[in-house]
Amino acid sequence: MDEADAELAEYSIADGSAIANGVTTARELGNLPGNICTPTYLSEIAIALDAECDKLTTTVLEEDEMAELGMFSLLSVGEGSIQPSKLIVMEYKGGEEGDKPHVLVGKGITFDTGGISLKPGAKMDEMKFDMCGAASVIGAMESLTEMALPINVVAIVASAENMPSSKATKPGDIVTTMSGQTVEILNTDAEGRLVLCDALTYAERFEPATVVDVATLTGACIVALGHHTAGLLSNNDELADSLLAAGDFAADRAWRLPIGEEYQEQLDSNFADIANIGGPAAGTITAACFLARFTEKFAWAHLDIAGVAWNSNGKAKGSTGRCVPLLCQHLLNQVDEGEEEQEGCGHDH
């Protein structure tokens, strides 16, 4: 083995170790019970990661700050909970100043009862896994800092606890999003899109190169793809192809589903700009169509990991850590070949 091959092997082993560490973090966060892993807990994990890396800056927006920004869709989800909602923003600046960042957005519903549209009791304990999108984004950021990639990345985690109470949002309520669009909430159990839409609008301020959101969003995705493959929907073919290739390479596969204007009319509302559900047909697609209304200003892809984020059966029950490998490979692929090595928080890349 010559020196170049030895160096490549060394970096490959280091990168593999970093990605494994991110997967472990995502699994650990997903497996924690909802009484421990709250939105506040997730924010503390992000702040702790900030303390370990000079190139990472974490900011946590509290409920009053979100209200000032007009994030009333996100805030509506946590109305019934004693746990305050959080918007967690992690900025990693490993690239050149002025380089547009790649943005990762994670759904962080730390427990999902369904709210007033209460879920059945069977397997409701597994709704502690409804923050696995956030866990995968945080895990990917940990891997990123360890690999010290020469790239700019922003992670946004929209976190809330969805509970029923006298203060909870009701079916038929209308809320105004940060974008100014109004939403009629026909089902409070379709809450992931309500937190994600405001986070996606917030992402605009970073003038992103790409935006990828990750969410345990729809049971319909499990019906369509089972427990082996994540759903992928996108408004940009190049980004979609990049993510599919990254997933194949990392053995963390996704499958692209269509997203088109013909589905949008299912989200029509008599009383608001958009309804938060589109009926039983094409549930994964209409959920993505909802999000698409908030992503017109950038290249965007949505990963629905409802079927792959955790295992339900026997001794294998628990979080899988997906899709940290896919996200990390996607970011690795964004690094141009031949880019100069840069000093980072881990090894040089």
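The values are calculated or read from the model by the stated rules, or taken from the named source; none is laboratory data. Given the structure is predicted, the values throughout are model-derived calculations rather than measurements. So basically every Cβ, Gly included, is an ideal-geometry build from the backbone, and we count neighbours across all protein chains shown. Accessible surface is based on the protein model in full, side chains and every heavy atom, while ligands, DNA and RNA are left aside. Shrake-Rupley method; radii C 1.70, N 1.55, O 1.52, S 1.80 Å.
Annotations for the structure displayed:
- The overall shape of the stretch 83-182, judged from the alpha-carbon gyration tensor, is oblate: a/c is not under 1.5, and a/b is no greater than b/c.
- Other residues with beta-carbon under 12 Å from the beta-carbon of residue 264 carry, at +1 per Lys or Arg and -1 per Asp or Glu, a net charge of -4.
- Fully extending the segment from residue 69 to residue 54 would add 2.6 nm, taking 0.36 nm per residue of separation and subtracting the current Cα-Cα distance.
- When the charge dipole of the stretch 178-294 is built from unit charges on Cβ atoms (+1 for Lys and Arg, -1 for Asp and Glu) and taken about the Cα centre, the candidate among 209, 289, 231 whose Cα reaches farthest toward its positive end is 231.
- Dipole orientation for the chain: of the candidates 188, 11, 85, 188 has the Cα lying most toward the positive pole (charges on Cβ; Lys, Arg +1; Asp, Glu -1).
- Net charge dipole size for the chain [Lys, Arg +1 and Asp, Glu -1 on Cβ; Debye, nearest 20]: 2000 debye
- Ranked by the mean number of other Cβ atoms within 10 Å of their residues, highest first, the peptides 317-325, 267-275 fall in the order 317-325, 267-275.
- Per residue, the chain exposes 41 Å² of accessible surface when a 1.4 Å probe is rolled over the protein heavy atoms with every protein chain present.
- Gained length - residue 40 relative to residue 62, 0.36 nm times residue gap less alpha-carbon distance: 6.9 nm
- Inter-label distance for residue 255 and residue 21, nm, one decimal - labels placed 7 Å from Cα along Cα-to-Cβ: 3.5 nm
- Report note on the peptides 169-177, 280-288: ranked by the mean count of other C-beta atoms within 10 Å, highest first, their order is 280-288, 169-177.
- Residue pairs exceeding 29 angstrom between C-alpha atoms, taken from 167/315; 297/317; 55/107; 123/170: 167/315; 297/317.
- Look at where the Cα atoms of the stretch 49-104 and of the stretch 150-195 average out, and the two centres are 15 Å apart.
- Accessible-area composition of the chain, carbon plus sulfur, in percent [1.4 Å probe]: 50 percent
- Sorted peptide list for 206-217, 49-60, criterion being average Cβ within 10 angstrom, highest first: 206-217, 49-60
- Near residue 310, the amide H atoms lying under 5 Å from its own belong to 320; only residues 5 or more places off or on other chains count, and H is placed 1.01 Å from N.
- When the chain is described by a simple charge dipole with +1 on each Lys and Arg Cβ and -1 on each Asp and Glu Cβ, the residue from 124, 57, 247 located farthest towards its positive end is 124.
- Label assignment, P(r) over Cα pairs in 20 Å bins from 0, in percent derived from the structure, set (i) 34, 58, 8, 0; (ii) 29, 59, 12, 0; (iii) 26, 35, 23, 16, 0: (i)
- Taking θ as phi - 60° and the Karplus parameters 6.51, -1.76 and 1.60, the scalar couplings of the stretch 63-80 work out to 4, 5, 5, 5, 5, 4, 7, x, 7, 7, 6, 4, 5, 4, 5, x, 4, x Hz in sequence order, x denoting glycine and proline.
- Estimated FRET transfer efficiency (residue 2, residue 238; beta-carbon r; R0 25 Å; 0.05): 0.10
- For the pair residue 93 and residue 182, a Förster radius of 45 Å applied to the C-beta separation gives a FRET efficiency near 0.80, rounded to the nearest 0.05.
- Proximal charge balance of residue 253 [Cβ under 15 Å; K/R count +1, D/E count -1]: -2
- Computed lengthening from residue 270 to residue 228, 0.36 nm per intervening residue step minus Cα-Cα distance: 11.3 nm
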